[in-house]
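Enquirer: Quick one: structure below, then a few questions.
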Amino acid sequence: MARPPSTPALWPVAMVVLPCAVAATATGLLPAGHPWAPVAGGAGAVLALGLLVPLWRAYRATTGELVRARAEVARRKSELARRDRQWRGYTGRQSALLREECAHLLADRLPTVFAGGEVPPAKYRGQLPPAVVSGFDRLIEDIAERLADRDTAQRMAVVALAGRVQTSAHRIQCAVTALAERHGHDPDVLETAMGVDHAATQQARHAQSLKVLGGEWPGRAGDEPLALVDVVRAASGRIVAYRRVQVAGEQEVGAAARITEPLIHLVAELLANATECSPPGTVVPVTVRTVQRGAVIEIDDGGSGMDDNRMGRARQVVSGRRPVALADLGEVPRTGFAVVGRFAARYGFQVDLSHSPYGGVRAVVLVGRDDLVTVAPLGPAPAPSRSPAPVPPPAPARRELAPPPGPPAVPGPPRPRTERSGGPRHARTADPGPDPVPPPLRPSGLPQRASRRGEPPPAPPRSTGEPPPAAAHPQPTPEEAGEWMADYFAGAGPDAPEPPKG
Amino acid sequence: MTGNGGYRDSALRPYVITGGKFRPSRAALGVETLLLRAETAGPLPVTATRESRALVRMCERLLSLAEAAAHLKLPLSLVKVLASELVDAGYLVARSGIPQAARPDMELLQEVLDGLRRLR
């Protein structure tokens with residue numbers, strides 16, 4: 001805007017010139033020498049001056065107003081520019097934050113929601129508008145909730161379906177067991193029945209694996225303790241290549257009834273992995289041994305092993321440190337280690353993998369001392385027992401393991417002791433000293449059996465009136481033999497139930 | 001695993017107990033066959049099963065197959081397979097029928113008879 005030229009200096013000139021001009025003109029209108037001429041001139045000048053002064057004042061006032069108005073405009077303009085800059089800066093920063101928050105949402109928060117982990121908080125909670133932040137939070141909560149609902153529904157469905165499969169597998173086993181009982185004399189029938197049984201047992205295992213991955217545990221505890229070597233054998237019955245599993249080691253350390261089923265399943269999955277990952281013709285050796293903290297089951301395979309990366313991941317999975325859910329299994333599901341890890345975490349078994357001296361993988365399961373019991377050997381007690389037990393085979397002992405003695409007095413690993421009910425151990429009285437540690441242990445930790453040859457024959461039964469145990473009598477009395485045969489034929493009929501074990 | 005008609009499976013399936021074999025290698029083994037631990041047999045291999053160990057241990061004394069099955073609480077058909085294998089491997093000796101040692105000795109019977117007659 002072009003400023004009007006400043007004319008303050010013209011005002012005094014105009015105020016002098018104009019009255020003079022008016023005076024001159026007023027004087028000039030009268031004939032020269034008129035006596036009123038000076039009066040007219042003076043009046044005209046005063047009139048002109050009187051007109052000019054208000055005009056001048058008005059002019060000055062207007063100019064002052066104008067200057068102030070201009071200053072105000074300039075101030076406003078600069079203010080506007082400042083605010084504009086400020087706003088641009090603010091919106092720029094906000095949009096950058098929002099962009100970053102969105103990126104955080106997409107890259108970190110949402111994936112964590114889908115993975116089911118702990119969702120990290122919003123990055124710029126204090127800096128973004130609260131509505132935005134809480135909107136994001138609500139979104140995440142909604143997604144998490146729906147995912148959880150869907151996950152639960154799917155798991156329940158899988159568990160229910162797996163349960164049906166397992167039930168049907170057990171029906172098959174039940175049916176073939178009955179078949180085998182009826183036609184036990186016919187090897188062909190027996191062989192076929194057992195083939196069906198084997199297939200059904202594997203089916204039941206797969207179904208139970210699904211249930212476990214779906215978060216349900218085997219509801220049924222075992223009936224009685226099972227020697228760890230038999231746990232391994234029972235586990236081998238649940239895999240395809242059960243003939244390749246060879247078990248050795250401590251015979252008398254057993255798993256408490258409450259953990260037999262989970263332990264069998266866990267070992268079955270490890271055996272399945274070991275047999276599948278090693279050449280078909282090779283043996284999978286399994287060793288049971290007692291250790292200070294309990295007992296271990298070692299499973300070796302002669303496969304090609306794992307590289308360190310896979311081994312590291314697998315160790316995390318089997319130990320239960322990295323839980324694997326149904327949804328994490330992928331298209332070619334490898335359920336074995338995931339199930340092992342679930343059982344390990346739930347029941348406190350310590351499972352670890354390492355490189356096996358056989359070239360493949362060695363899996364070690366440590367069962368804690370609290371979960372172990374001592375089981376007696378099968379069949380009647382080996383020593384002549386004088387307890388008046390009418391039925392020779394005693395139930396397996398269920399004593400909890402005593403804490404290990406300090407440094408063992410005899411070489412060999414500390415082993416649980418079974419006290420047999422009944423009379424004193426024969427032929428051990430020659431052992432001097434009050435040391436209660438009985439018989440020398442073989443390197444395997446098993447008691448050394450003494451030959452009975454050359455010993456005097458066992459004392460005749462005391463006249464308690466009850467039939468003495470059969471094991472102590474190589475030649476039973478006629479009554480005993482009669483009872484035996486009667487029992488036997490009564491039990492061998494076609495409708496007779498299988499002995500209690502089956 | 002409950003709710004399937006009261007069925008309770010034993011953990012050790014029969015095919016595991018026999019190692020997948022169902023035909024006794026010795027057809028001659030019957031319920032009355034007597035088993036005895038072979039004098040010359042060494043210790044069982046470390047991989048021997050609990051059933052085999054028990055069988056050999058019980059047969060330190062003469063034992064019939066039927067008795068062994070009852071002690072082991074196993075079906076006779078399975079014990080027959082186990083016993084045949086142990087006989088094949090030389091750990092057990094099978095004797096059919098009444099063993100010679102258990103038969104009454106004729107001389108002894110004669111002596112008893114003579115003694116009885118002398119009592120009169």
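Enquirer: Within 10 Å of each residue's Cβ, count the other Cβ atoms and sort A:265, A:355 from fewest upward.
Expert: Ordered from fewest to most neighbouring Cβ atoms within 10 Å, A:265, A:355 come out as A:355, A:265.
Enquirer: In whole angstrom, how far apart do the alpha carbon centroids of the stretch A:76-142 and the stretch B:30-47 sit?
Expert: Here the two parts' Cα centres lie 82 Å apart.
Enquirer: May I ask for log10 I(q)/I(0) of the stretch A:119-211 at q = 0.11, 0.19, 0.24, 0.25 Å⁻¹, from a Debye sum over the Cα atoms as equal point scatterers with solvent left out?
Expert: Result of the Debye calculation: -0.55, -0.87, -1.06, -1.10.
Enquirer: Rank these for me by crowding, A:77, B:80, B:21, going from fewest to most other beta carbons within 10 Å.
Expert: A:77, B:21, B:80
Enquirer: With a 10 Å radius around each residue's Cβ, average the other Cβ atoms per peptide and rank A:132-141, A:56-65, A:344-353, highest first.
Expert: Answer by packing, highest mean first, reads A:344-353, A:132-141, A:56-65.
Enquirer: Tell me, rounded to the nearest percent, the portion of alpha carbon pairs in the stretch A:66-108 spaced more than 13 Å apart.
Expert: Summing the P(r) tail past 13 Å for the stretch A:66-108 gives 66 percent.
Enquirer: Which whole number gives the average count of other chain Cβ atoms within 10 Å of the Cβ atoms across peptide A:235-246?
Expert: 3
Enquirer: Please average, across the residues of A:172-185, the number of beta carbons from any other chain that are within 10 Å of each residue's own beta carbon, and give a whole number.
Expert: Counting Cβ atoms of other protein chains within 10 Å of each residue's Cβ and averaging gives 3.
Enquirer: Further question: Direction-averaged shadow area of the convex hull around the Cα atoms of the stretch A:133-185, nm²?
Expert: Directional mean of the projected Cα hull area for the stretch A:133-185 stands at 3.8 nm².
Enquirer: Take peptide B:19-27, look around each residue's Cβ out to 10 angstrom, count Cβ atoms belonging to other protein chains, and average those counts.
Expert: Rounded to a whole number, the mean comes out at 4.
Enquirer: Work out, step by step, the length gained on full extension between residue A:309 and residue A:139: first 0.36 nm times the residue separation, then minus their alpha carbon distance; give nm to one decimal.
Expert: Here the segment from residue A:309 to residue A:139 would lengthen by 57.5 nm.
Enquirer: Taking only Cα atoms of the stretch A:10-111, what ratio of Rg to Rh do you get with Rh as the Kirkwood inverse-distance radius?
Expert: 1.74
Enquirer: Please state, as a whole number in µm²/s, the translational diffusion coefficient that the Stokes-Einstein equation yields for the stretch A:168-286 at 10 °C and 1.306 mPa s, with Rh defined as the Kirkwood radius across alpha carbon pairs.
Expert: 104
Enquirer: Cα convex hull of the stretch B:11-120: how many Å³ per residue?
Expert: Convex hull of Cα atoms, per residue: 122 Å³.
Throughout, read-outs are computed from the coordinates displayed, never taken from laboratory work. Keep in mind it's a predicted model, so treat the numbers as computed, not measured. Using ideal geometry, Cβ is built from the backbone for each residue, glycine included, and neighbour counts are taken over all protein chains shown.
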